[in-house]
1. Select from the range 288-321 the residues that are farther than 26 Å from residue 193 by Cβ and in a loop (DSSP other than H, G, I, E, B) and write down the one among them that is nearest to the chain's Cα centre (by Cα).
2. Based on this model, can you work out whether residue 253 counts as surrounded by 23 or more Cβ atoms within 10 Å (Cβ to Cβ), more than 25 Å from residue 379 (Cβ to Cβ) and modelled with pLDDT of 95 or more?
3. When the range 300-321 is examined, which residues are found to be buried (at least 23 other Cβ atoms within 10 Å of the Cβ), under 22 Å from residue 30 (Cβ atoms) and modelled with pLDDT under 95?
4. From the residues in the range 159-170 that are in a loop (DSSP other than H, G, I, E, B) and either within 19 Å of the chain's Cα centre (by Cα) or without any contact (Cβ under 8 Å) to a residue 60 or more places away in the chain (or both), which one is farthest from residue 377 (Cα to Cα)?
5. Could you look through the range 240-286, keep only residues that are assigned to a loop (DSSP other than H, G, I, E, B) and touching a Leu at 6+ places or on another chain (Cβ under 7 Å), and pick out the one that is farthest from residue 229 (Cα to Cα)?
6. Taking residue 245 and the conditions (1) open to solvent by less than 10 Å² (accessible area, probe 1.4 Å); (2) without any contact (Cβ under 8 Å) to a residue 60 or more places away in the chain; (3) of a type outside the set (Asp, Glu), which numbered condition does it fall short on, given that it satisfies the others?
7. When the range 256-275 is examined, which residues are found to be open to solvent by 10 Å² or more (accessible area, probe 1.4 Å) and over 15 Å from residue 316 (Cβ atoms)?
Amino acid sequence: MKLYNLKDNSEQVSFAQAVKQGLGKQQGLFFPQDLPEFSAAEIDELLKLDFVTRSSHILTAFIGDEIPKAELEVLVKDAFAFPAPVAQVEPDVATLELYHGPTLAFKDFGGRFMAQVLGKVAGNQPVTILTATSGDTGAAVAHAFYRLNNVQVVILYPEGKISPLQEKLFCTLGENIHTVAIKDDFDACQALVKQSFDDEELKKALYLNSANSINISRLLAQICYYFEAVAQIPADKREHLVISVPSGNFGDLTAGLLAKSMGLPVKRFIAATNANDTVPRYLDKGEWAPHQTVATLSNAMDVSQPNNWPRIEELFNRKGWSLKDLGHGVVSDEVTKDTVRELDKKGYISEPHAAIAYRILRDQLQEGEYGLFLGTAHPAKFKESVEEILNKELPLPQALAERADLPLLSHFLPSDFAQLREFLMKLAPKQ
């Protein structure tokens, strides 16, 4: 598999190199040179397969012979060791539940696949994973890499701006997992990660890698559950399928659009955001004008400068698609609360991110279409806000219950690169 840097097309790397490197020169994202496509007949056959077997076929189409298919299937089986069920909400609307993994969020798929792949391609070389999280990435990455040999993990997150249970899930592990609460917002955390990757001395000393959705292995893994969703939808609904994706950093939507580019029958996608509406405003007005990030109920989407957007634009350019066909919408906190209550009355307990995706889907779904919205996290990860909205108690799943009373092991730093650099250098492996 060959990939090129979107900011410097002359930088071309293999899949293994892209996984190990994370970002290219000038903080450029890697993008596949070849975009594999399946025929309609091949798609039909793929949709008959089980999740792991199908996912191995999909990933092999991108990765090629860099990882032999039999070996890749073992990695996929270890990574995707939990289901992604579709649950009916209304006659014409269903949800893809992506929160049945160990950290109860969709990031488990990408995080665990990346850990498997990196373990294979890095060999005995030490690696330091540096990533920023607005909530769910941190837990998924921390648990995926916990106690792995030769791997240190550093996770930056905005202090006080993720849910308490999200924080407990990954800030109570310790050992090779180092969590740093930054006194600022997610975009500041993301900027610190980018600064770190621009520091050549730091990058070499720590063998830096990123596990954000900027890493191509995470992105490719996420393509697979879109196929799994369509496999569970009645065949007569597939040609009329509209998928609404709660969008913050836009990795999840990128993966869905890559699935469509492979031939997966999706009529259209909807990018559903909260008040951090850089992309909807861009699609409406043609001007890229990020505002200051604001804190919302759907905190994992509190991103005003989404990293993955350049990949979406590249894909649309390569495929000859029009951005005018990409659905989009913005939902306020008040409407989010109303929608969580509305879903509860329909017999489905949701949380703010999925509620936003449902709201815009319901508002934009046309007659004869079939809607699917992504449930990206278990409602109990947002226990405080969901309980307040619904005025009822949510039971804690075991994964959360066993960490809820553990002490936080986080370090606290200002949004200052010099101080972060000093902290990171102390983790550098001895030469």
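The values are calculated or read from the model by the stated rules, or taken from the named source; none is laboratory data. Here the structure is a predicted model, which is why all the values come from computation and not from measurement. Backbone-built Cβ (ideal geometry, glycine too); neighbour counts: all protein chains shown. What goes into the accessible areas is simple: the full protein's heavy atoms, side chains included, and nothing from ligands, DNA or RNA. Shrake-Rupley method; radii C 1.70, N 1.55, O 1.52, S 1.80 Å.
1. By that ranking, first place goes to 321.
2. Details: surrounded by 23 or more Cβ atoms within 10 Å (Cβ to Cβ): yes; more than 25 Å from residue 379 (Cβ to Cβ): no; modelled with pLDDT of 95 or more: yes.
When the stated conditions are applied, residue 253 does not pass them.
3. Listed by number, the residues that qualify are 303, 306, 307.
4. Narrowing the range 159-170 to residues in a loop (DSSP other than H, G, I, E, B): 159-163.
Next cut, either within 19 Å of the chain's Cα centre (by Cα) or without any contact (Cβ under 8 Å) to a residue 60 or more places away in the chain (or both) only: 160-163.
Working: 160: 19, 161: 16, 162: 13, 163: 12 Å.
Among those residues, the one meeting the criterion is 160.
5. Quick first cut of the range 240-286, residues assigned to a loop (DSSP other than H, G, I, E, B) only: 247-250, 262-267, 274-277, 286.
Applying the additional criterion that residues be touching a Leu at 6+ places or on another chain (Cβ under 7 Å) yields 247, 265-267.
On the way: 247: 18, 265: 11, 266: 11, 267: 14 Å.
Result: 247.
6. Evaluating residue 245 over (1) open to solvent by less than 10 Å² (accessible area, probe 1.4 Å); (2) without any contact (Cβ under 8 Å) to a residue 60 or more places away in the chain; (3) of a type outside the set (Asp, Glu) leaves (2) as the failure.
7. Those that are open to solvent by 10 Å² or more (accessible area, probe 1.4 Å) and over 15 Å from residue 316 (Cβ atoms): 263, 265, 267, 275.
Here's the yes/no breakdown for (1) of a type in the set (Asp, Glu); (2) at positive phi; (3) surrounded by fewer than 19 Cβ atoms within 10 Å (Cβ to Cβ):
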residue	(1), (2), (3)
179	no, no, no
183	no, no, yes
198	yes, no, yes
205	no, no, yes
216	no, no, no
